Amino acid sequence: MPQHSATRRRASTAVSVGVTAVLATTLAGCANDDSTPKADYAKICREESTQLRVEDEKCNGSGGHGHGYVPYFLLLGAGRTTIPAVGTKTMGGTTTIPAGKSSTSVDRKGKTFSGTSRGGFGGSGKGGFGG
Amino acid sequence: MKRLEFTARPGWRERINASGLIYSESHKPGVGAVEYWNDAAAYVFTLAEVEALEAQTEELHRMCLEAAAYMATGALGTLGLSEGGFELAKRSWQEYDGATGAREQDVYARFDLAYAGDGSPAKMLEYNGDTPTGLIEAAITQWDWLQDRTASGELARLSAGKLSTGSGVWDQWNGIYDALIARWETQLAASVAAGTGTRLFYGYSAQDSSGEDWNTVAVMAEMAQKAGWRTTSIEMEQLGWDFGAHEFVGQPENPMYADEPFRPILADGTVQPRIRNIFKLYPWEDIMSGEQGDHFGQLLLDYPGVIPHWIEPPWKMFLSNKLLLVALWHLFPNHPNLLPAYADGPHGMSDYVIKPVFGREGDGIKIVRGGTTQANGEEYRRAGRGNERVFQQYHELPNFPGSAGPNHPVLGSWVVNQEAFGVGIRESDGPITDYFCRFAPNLIEP
């Protein structure tokens, strides 16, 4: 059983709270989180015969379909971490996306997402979680 | 125990704000602005009373650990938690550290005790072992109050001319600040020994608009810093799951801040730090709910130990659940510090209180006296999965009337590393210590 001395002073000896010190703790939340995909799909342009990614412009012209270039959508999020660069074979996408879903274009060099998902804690409504 | 009244300190509002208590005013419908901090009153203990209450607090805590073991067997079901939540709590309870032989370590918790002030045994109303608040006012603000009242000579005048066998110095039942720093030092040594580093993230929900949650974790983080931790704030919503590496990460940061070498560098040159130690003011029952926005909990089951150190650890789910009261009464019936409590009905009690299992700050409490419902609190916390409730015997709080009317105090008795270290007292006009109660400092008379 813990022993407490009868003559021990109960109050803490030195309590100092520096409000500025508190504000100065490392706030890592300021970085722009560029690494998480913001849209539902990535939109690229693909040559059907070779399955290669081509320049986006090739899908913009009115003759696009006739030459075998089609817009191609790759689902972002949990499964996909890489969007290929122009000249790379790409598979596993779709040529249409469901209504209401968003897409974003991707640089010709391609992109590697960090594959980090957020927003999986803290969503239970009102604050004031202590008691 | 007595209640004394004082004149409020000049500039008291600035003083309490400087201590971190910035959330003290709230709005009560039908009444207007209500001030939470009562600068003009204090409850006074004798040293003998404090020693007795400390001993009772520590005994209750040991009983609660036995009750947790009982709850972990599933004897009371899954306690209103999700099945994943119960499973995680059980695993955490059963895990012992091979090196130290100790259970996953905890830092703090707070009992709510009813005490008549006459030396009779205190009665346990509840235990908040997961997310206790009231920390700033108990550890810091009331300590500042003691320093000011001592420096002004008011306390010396109170005891002038009275016989005293002690030192003649007015004390306060409040060693919380020093105790927490010491506990954080122990946690730091354990983390270093386990190879999990010296960095502590502190998590809070950005949805709290009062500032209480943020301020509480910030003050706790400052204590951890004084113990030697390197602390980093994070919103719970910002915690990231890296599905390639199967680890939890913080926000991207400059690699020069990294606490681990060879972290993968992102396209923009930043790195994401691994979360290995985290203090959170966010309830476990929410983390494990599995609902959208709290859907990462399953990862804690699928990847055991992926976050090695949570404060508080998952087994605290047993000590932040009202069914704890039922487990205690079952194991220790008629114990002088307990009130009868049942899960399935009032069991013949004519005066009883019905509490939802995850309630906090008095929410959802219903009081039944002689068959009539006398209070019917609105519930705003998560309900148990099975809408579980606890029926606890009604216990009249003592009244220490003051110049403004009745005052019914509840003692918030703090436990740090299994020992009692101080009390924060909240007084209310009515029988429920709710959101509009007042915090009054305490003193130990010489």
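The values are calculated or read from the model by the stated rules, or taken from the named source; none is laboratory data. This one's a predicted model, so the numbers in the text were calculated from it and none came from an experiment. In this analysis, Cβ positions are derived from the backbone assuming ideal geometry, glycine residues included, and neighbour counts consider all displayed protein chains. Protein only, heavy atoms only, side chains kept; ligands, DNA and RNA dropped before computing areas. Shrake-Rupley method; radii C 1.70, N 1.55, O 1.52, S 1.80 Å.
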Quiz item: Going by the structure shown, is residue B:42 in contact (Cβ under 8 Å) with a residue 40 or more places away in the chain, surrounded by fewer than 19 Cβ atoms within 10 Å (Cβ to Cβ), farther than 23 Å from residue B:315 by Cα and small (Gly, Ala, Ser)?
Solution: no
Quiz item: In this structure, does residue B:344 turn out to be more than 21 Å from the chain's Cα centre (by Cα) and surrounded by fewer than 21 Cβ atoms within 10 Å (Cβ to Cβ)?
Solution: yes
Quiz prompt | Among (1) open to solvent by 20 Å² or more (accessible area, probe 1.4 Å); (2) under 18 Å from the mean Cα position of the chain (by Cα); (3) β-branched (Val, Ile, Thr), the one test that residue B:357 misses | solution = (1)
Quiz item: Which residues, taken from the range B:281-300, are small (Gly, Ala, Ser) and over 18 Å from residue B:245 (Cα atoms)?
Solution: B:289, B:290, B:293
Quiz prompt | Count - residues of the range B:250-268 that are facing chain A (nearest Cβ under 7 Å) and open to solvent by less than 80 Å² (accessible area, probe 1.4 Å) | solution = 6
Quiz item: Going through the range B:402-432 one residue at a time, which ones are β-branched (Val, Ile, Thr) and open to solvent by 10 Å² or more (accessible area, probe 1.4 Å)?
Solution: B:432
Practice problem: Please work out which residue is farthest from residue B:296 (Cα to Cα), limiting yourself to the range B:54-84 and to residues that are touching a helix residue (DSSP H, G or I) at 6+ places or on another chain (Cβ under 9 Å), in a helix (DSSP H, G or I) and open to solvent by 30 Å² or more (accessible area, probe 1.4 Å). | Solution: B:66
Quiz item: Can you find even one residue in the range B:211-226 that is open to solvent by 10 Å² or more (accessible area, probe 1.4 Å), of a type in the set (Gly, Ala, Ser) and out of contact with any Phe, Trp or Tyr (no Cβ under 8 Å at 6 or more places or on another chain)?
Solution: no
Self-check item: Residue identified as touching a His at 6+ places or on another chain (Cβ under 6 Å) and over 26 Å from residue B:105 (Cα atoms) among B:266, B:339
Solution: B:339
Self-check item: Any hit, the range B:293-300, residues being assigned to a loop (DSSP other than H, G, I, E, B) and surrounded by fewer than 22 Cβ atoms within 10 Å (Cβ to Cβ)
Solution: yes
Self-check item: residue B:111 vs. criteria within 24 Å of residue B:430 (Cβ to Cβ) and either part of a helix (DSSP H, G or I) or within 14 Å of chain A (Cβ to nearest Cβ) (or both)
Solution: yes
Exercise. Filter the range B:372-401 for residues that are modelled with pLDDT of 85 or more, open to solvent by 50 Å² or more (accessible area, probe 1.4 Å) and either of a type in the set (S, T, N, Q) or more than 24 Å from the chain's Cα centre (by Cα) (or both) and give the result.
Key: B:372, B:373, B:386, B:387, B:393, B:399, B:401
Quiz item: Just to be sure, is residue B:232 part of a helix (DSSP H, G or I), surrounded by 23 or more Cβ atoms within 10 Å (Cβ to Cβ) and facing chain A (nearest Cβ under 9 Å)?
Solution: no
Quiz item: With B:156, B:218, B:138, B:189 as the choices, which residue is of a type in the set (A, V, I, L, M), more than 8 Å from chain A (Cβ to nearest Cβ), part of a helix (DSSP H, G or I) and touching a residue at least 24 places away in the same chain (Cβ under 8 Å)?
Solution: B:138
Practice problem: Residue by residue through the range B:269-284, note down the ones that are within 17 Å of residue B:205 (Cβ to Cβ) and either assigned to a strand (DSSP E or B) or open to solvent by 10 Å² or more (accessible area, probe 1.4 Å) (or both). | Solution: B:278, B:279, B:280, B:281
Self-check item: Matching strands (runs of 3 or more DSSP E) fully within the range A:37-122 where at least 2 residues are modelled with pLDDT under 85 and over 30 Å from residue B:202 (Cα atoms)
Solution: none
Quiz item: Of the residues in the range B:109-136, how many are closer than 19 Å to residue B:24 by Cα and in contact with a helix residue (DSSP H, G or I) (Cβ under 8 Å, 6 or more places away or on another chain)?
Solution: 3
Exercise. Could you figure out which of (1) part of a helix (DSSP H, G or I); (2) over 13 Å from residue B:282 (Cβ atoms); (3) in contact (Cβ under 8 Å) with a residue 60 or more places away in the chain isn't true of residue B:213?
Key: (2)
Self-check item: strands (runs of 3 or more DSSP E) contained in the range B:323-388 and holding at least 2 residues among the charged types (D, E, K, R)
Solution: B:351-356, B:366-369
